[in-house]
Structures are given as C-alpha cells and as structure tokens.
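Report on the following structure.
Rule-based calculations on the coordinates, nothing more; no lab input. Note that the structure is a prediction, hence the values are computed from the model and not measured. Quick reminder, even Gly has a Cβ in these numbers, built from the backbone with ideal geometry, and neighbours come from all protein chains shown.
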Amino acid sequence: MKSRRWTTVAILGGVLALAALPQLAGAQGQAWPAKQPIRLVAVFPPGGSVDQVARILAVPLSQQLGQSVIVDNKGGASGSIGTAAVVNSPPDGYTFAVVFDTHGVNPALIPGLPYDTRKDLAPVVLVGTSAMVLATHSGSEYKSFGDVIAAAKAKKPVNYGSIGSGSLGHLAMTLLGRSSGLDWQHVPYKGGGPLMNDAVAGHIPLTIGSVFVTKPHIDSKRLRPLAVTTSKRAAELPDVPTVAESGYPGFDAPAWWAVLAPAKTPPEIVRRMNEELNKALKSPDVAARLAGQGITVIGGAPDVARAFIDKQVDVWSQVVRENNIKAD
C-alpha cells in the first residue's frame, strides 16, 4: 500500500515537472539579456558615422536593459566583414550589427558575398536616413546644380569625387546620369577624409558625400552645397534644393543606418530589442545627437526596416549590374 502511494506521488511529480517545462522555458526566455553583455558590431572602423551611431545607441540601451552594451568595430570590405561576423555568431540576442547604406549595395558589388543579405539577417530597426550633398569648392564656376547640368549637357568635362567605387554617392550620380542622358566622370577616393581634403583645396570640382562628412566644410564656407539627394530638403541645410525639385522628380537616394540580428534570433528577442531601440530613438538627447550626425530618425517595426532594405537592395543592385560597376 505504501509502495503504491509513493508510486502515485512519483507519477504526479513527473506530470507536474512536465507541465512546468514550458513555464521554465518561458522564464529563461524572459531572462534575456541577463546572461552576458550585448555586442553592437559596428561594421566600419572607429570615427565614422556607423561607429558614432552604435555608440550613441549603446548608452540608452544599456540603461534600459540593465546590461552592458559594448561597441565592437569590425570594418573592411564595405561593411561585409563585420556583417559576416554577425551572421556567424550565435543567434541568441547578444550580437547585433549596425550597418550603413553599403549593406544594400554589397550583394551586387561584392562577388561571393559570404552570406545571403535577405535570408541570413533579421532587420531589427531602421535607425534613420540622411541626405547626401553634391557640393563644390567655394571658388568654383558652379553656382547651382543647374550649372552642373548645363555643363554636362554641353559635353563639358564634369568630374566628381565620392568616397569610393560602389559607394552610394557613386551609384546615385550614376543613376542620375544614366536616367537623364548625362555623362560625368567619377573619381573614387579612399574615404571621406581624403575626398574632403581635395575638395576644400579645389583639386576636385564636385563631391558627393553625406551631410556628416560635408557640412563642416559648408559651415566654414570652403564648400558650396548645390543639391541634396533625398526627396525632401535636409533639416541641416534647409536652403539647399533637392535633386528632385531641380528637375528630376522622384529622385531619392538617402544614406541610411540600421540594426540587424542573425536570422535565427528568437522573434521575441528581436521584438524586445526593436521596442528598446525605438524607446532610445524617441529620447530627445539621442535624436539631437543623431541630428548632429545629419541623421533623421525613422524607427518603427522590424517590417519597416525589412521593406526599406529590400527596396535598397533591388534599386542599387540594378544600377550596379546595368553600369558594370566594380568595387575598388
């Protein structure tokens, strides 16, 4: 009789233990991110806009989540080296990528990219966008964007510099030239620093670069802005017309930044991280600091980020293929 009672207790204990498993699993899931610090992999070297965005976000995220958030710079190959490192990291919610607009170009530009941009990554949030600025030296003959167009239509040599072959600035000018029958010569540089050095010295007549790179030289009156590439005027340069309003309706080529996770990261963690990032982006301090980088905050759900990135991949992949553009 006693033996039967203990058998019944053991069976009941087993049933209760099995019933508790889902609750335990749920409790473990809710424990994120208590296990370890979170890494934000900035896919470009220190000092650039991607690094700045990652560091601006790391502070409020750490405060909100009660966990250390570390910025880990892994630059190289237009951001693809750092992105590959994130793709190959455990999908446990402790590693995220902070990427730049090159992310949407790399699938077409880099042969044998070691990951599938759409399948191997889960967009978490679109941080924001920024205009690129077409600018010229303050002593240049170009007083307006119309002057550049007139020179190109007159078959005069029109040279412009960008931060490199396959950069968004290069692709934006290529798209504009091809769609309008305009011919201009691209001069690639190894980054924004060398490009701006030659621009302010008057060694290159036109440049296209982000507000972050260009505005300090506009403020110092060494460069004259001619047009911005976004569909709306940049808040930081309200008097500078858009390419669209200068005779090319519909033209829109923004620089952008986003946070991504490995594709198999649990959806509940992606959703929570999205909520925390949106909370950070709504902070007046964070918005002001991003605005200081020339970035307009976007935010929103992961699906907003995915739709935006997919469109960028489609648009710029076509430009790369049709114009046989190669990476540096």
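Brief remarks follow.
- Net charge dipole size for the range 132-246 [Lys, Arg +1 and Asp, Glu -1 on Cβ; Debye, nearest 20]: 100
- Charged-residue dipole, Cβ positions (Lys, Arg, Asp, Glu), the chain about Cα centre, Debye nearest 20: 760
- When the listed pairs 143/190; 74/190; 190/326; 143/221 are checked against a 22 Å cut-off, the alpha-carbon distance exceeds it for 143/190.
- Evaluated on the range 51-145, the Kirkwood hydrodynamic radius is 15.9 Å, with distances taken between all distinct Cα atoms.
- DSSP beta bridges in the range 132-246 [antiparallel fraction, %, rounded to 5]: 60
- Positive-end residue of 126, 136, 115, charge dipole of the range 54-212 with Cβ unit charges: 136
- Cα shape, the range 132-246, gyration tensor, a/c 1.5 rule: rounded
- Here the Kirkwood formula, the inverse mean of 1/r across different C-alpha pairs, assigns the chain a hydrodynamic radius of 21.5 Å.
- Among beta bridges from DSSP that stay inside the chain, the antiparallel ones total about 60%.
- Sequentially through the range 169-183, phi angles give Karplus couplings (6.51, -1.76, 1.60; θ = phi - 60°) of x, 4, 5, 5, 5, 5, 4, 5, x, 5, 6, 10, x, 9, 10 Hz, Gly and Pro residues having no value and appearing as x.
- Burial order of peptide ranges 155-162, 192-199 (average beta-carbon count within 10 Å, highest first): 192-199, 155-162
- Counting only lysines at least 8 places from residue 279 when in the same chain, those with an alpha carbon closer than 23 Å to its own are 35.
- Helix-derived mean residue ellipticity, 222 nm - over the chain, DSSP H n ≥ 4, -39500 (n - 2.57), to 500: -13500 deg cm²/dmol
- Peptide packing for 136-145, 168-177 was compared via the average number of neighbouring C-beta atoms within 10 Å per residue; ordered from the highest value, the list is 168-177, 136-145.
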